[in-house]
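Report on the following structure.
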Amino acid sequence: MSRVSVEAASADRFADVQHALTGGGDGASCQCQWWTLTNAQFSATGVDERRRILRDEIDVGPAPGLVAYVEGVAAGWVRVGPRVRQPRLERTRAFASVSDQPWDDASVWAVTCFATRREHRGEGVTATLLDAAVAFARDGGARVLEAYPIDPEAGRRHTANSLFHGILSTFLSAGFREVGRSRPDRVVVALDLRE
């Protein structure tokens, strides 16, 4: 396995964020704005506007995500931050009906999007990003870290693009507990960062 390191997204790493997001999947068009915008807002913006929104998030801080590097080259991305800054989560019934945390609690953070460049898949990038996201959330004062992975073992077929939530086994291996499911393959998991 190649050596993987992780850094917080910062203004001087924006080109790396873009490299990580544009290596396959929907990251290039979404610019990791799906959870930060309402459906109407997302539909009203194009790729350039979403890229500008992400750049503004990164420039203003705090970092909305982390970048993974394989041997110094940007290879992956994860969005992690306070759940209140990702308003679409609360509007998504699959999560809102299952989460056991108050939606207005800024101490609840969420891991919502992963992107790994095709050439670096299978190298442990996602697991390394998740470990770093846990540490980042803990250092940022999060009480609970929540996520919404897919369980591919539940019998439903998923394309690579639909796995941007992450896979359940990765979260369970990192110590998350299952909170519940809105359907067999859609899971809400949480990690108590005070333990």
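Taking Gly65, is it modelled with pLDDT of 95 or more, surrounded by 18 or more Cβ atoms within 10 Å (Cβ to Cβ) and of a type in the set (Gly, Ala, Ser)?
Working: modelled with pLDDT of 95 or more: yes; surrounded by 18 or more Cβ atoms within 10 Å (Cβ to Cβ): yes; of a type in the set (Gly, Ala, Ser): yes.
When the stated conditions are applied, Gly65 passes them.
Here are some conditions: (1) at pLDDT 95 or above; (2) closer than 25 Å to Gln18 by Cβ. Arg121 meets all but one. Which one does it not meet?
The single condition Arg121 does not satisfy is (1).
With Leu191, Leu129, Leu172, Leu145 as the choices, which residue is in contact with a strand residue (DSSP E or B) (Cβ under 9 Å, 6 or more places away or on another chain), crowded, with 19+ Cβ neighbours inside 10 Å and assigned to a helix (DSSP H, G or I)? Lay out the reasoning, then the answer.
Values: Leu191 fails: assigned to a helix (DSSP H, G or I); Leu172 fails: crowded, with 19+ Cβ neighbours inside 10 Å; Leu145 fails: assigned to a helix (DSSP H, G or I).
Result: Leu129 is the single residue among Leu191, Leu129, Leu172, Leu145 that is in contact with a strand residue (DSSP E or B) (Cβ under 9 Å, 6 or more places away or on another chain), crowded, with 19+ Cβ neighbours inside 10 Å and assigned to a helix (DSSP H, G or I).
Anything in segment 8-55 that is modelled with pLDDT of 95 or more, assigned to a helix (DSSP H, G or I), under 15 Å from Arg79 (Cα atoms) and among the aliphatic types (A, V, I, L, M)? List them, or say none.
Val17, Ala20, Leu21, Ile53, Leu54
Against the condition modelled with pLDDT of 95 or more, within 21 Å of Gly122 (Cα to Cα) and under 17 Å from the mean Cα position of the chain (by Cα), how does Arg85 come out, does it pass? Walk me through it before giving the result.
Numbers: modelled with pLDDT of 95 or more: yes; within 21 Å of Gly122 (Cα to Cα): no; under 17 Å from the mean Cα position of the chain (by Cα): yes.
No: the conditions fail for Arg85.
Name the residue, out of Phe114, Phe95, that is touching a Phe, Trp or Tyr at 6+ places or on another chain (Cβ under 7 Å), in contact (Cβ under 8 Å) with a residue 40 or more places away in the chain and not in a helix (DSSP H, G or I). Break it down stepwise before answering.
Values: Phe95 fails: not in a helix (DSSP H, G or I).
From the options Phe114, Phe95, the qualifying one is Phe114.
Scan Arg50, Arg3, Arg91 and give me the residue that is of a type in the set (Lys, Arg), out of contact with any helix residue (DSSP H, G or I) (no Cβ under 6 Å at 6 or more places or on another chain) and crowded, with 19+ Cβ neighbours inside 10 Å. Give the derivation first.
On the way: Arg3 fails: crowded, with 19+ Cβ neighbours inside 10 Å; Arg91 fails: crowded, with 19+ Cβ neighbours inside 10 Å.
Exactly one residue qualifies, and that residue is Arg50.
So Trp103 passes all but one of these: (1) at negative phi; (2) in contact with a strand residue (DSSP E or B) (Cβ under 9 Å, 6 or more places away or on another chain); (3) in a loop (DSSP other than H, G, I, E, B). Which condition number does it fail?
(2)
How many of the residues in segment 132-142 are of a type outside the set (A, V, I, L, M) and either buried (at least 20 other Cβ atoms within 10 Å of the Cβ) or touching a strand residue (DSSP E or B) at 6+ places or on another chain (Cβ under 6 Å) (or both)? Show your work before the answer.
Restricting attention to segment 132-142, the residues satisfying the condition of being of a type outside the set (A, V, I, L, M) are 136, 138-141.
Subsequent filtering for residues that are either buried (at least 20 other Cβ atoms within 10 Å of the Cβ) or touching a strand residue (DSSP E or B) at 6+ places or on another chain (Cβ under 6 Å) (or both) retains 136.
Residues that pass the stated criteria total 1.
Going through segment 1-26 one residue at a time, which ones are under 20 Å from Ala127 (Cβ atoms), within 17 Å of the chain's Cα centre (by Cα) and charged (D, E, K, R)?
Hits for segment 1-26 are Glu7, Asp16.
The values are calculated or read from the model by the stated rules, or taken from the named source; none is laboratory data. For clarity, every value in this text was computed on a predicted model and none was experimentally measured. Here the Cβ is made from the backbone with ideal geometry for all residues, glycine too, and neighbour counts use every protein chain on show.
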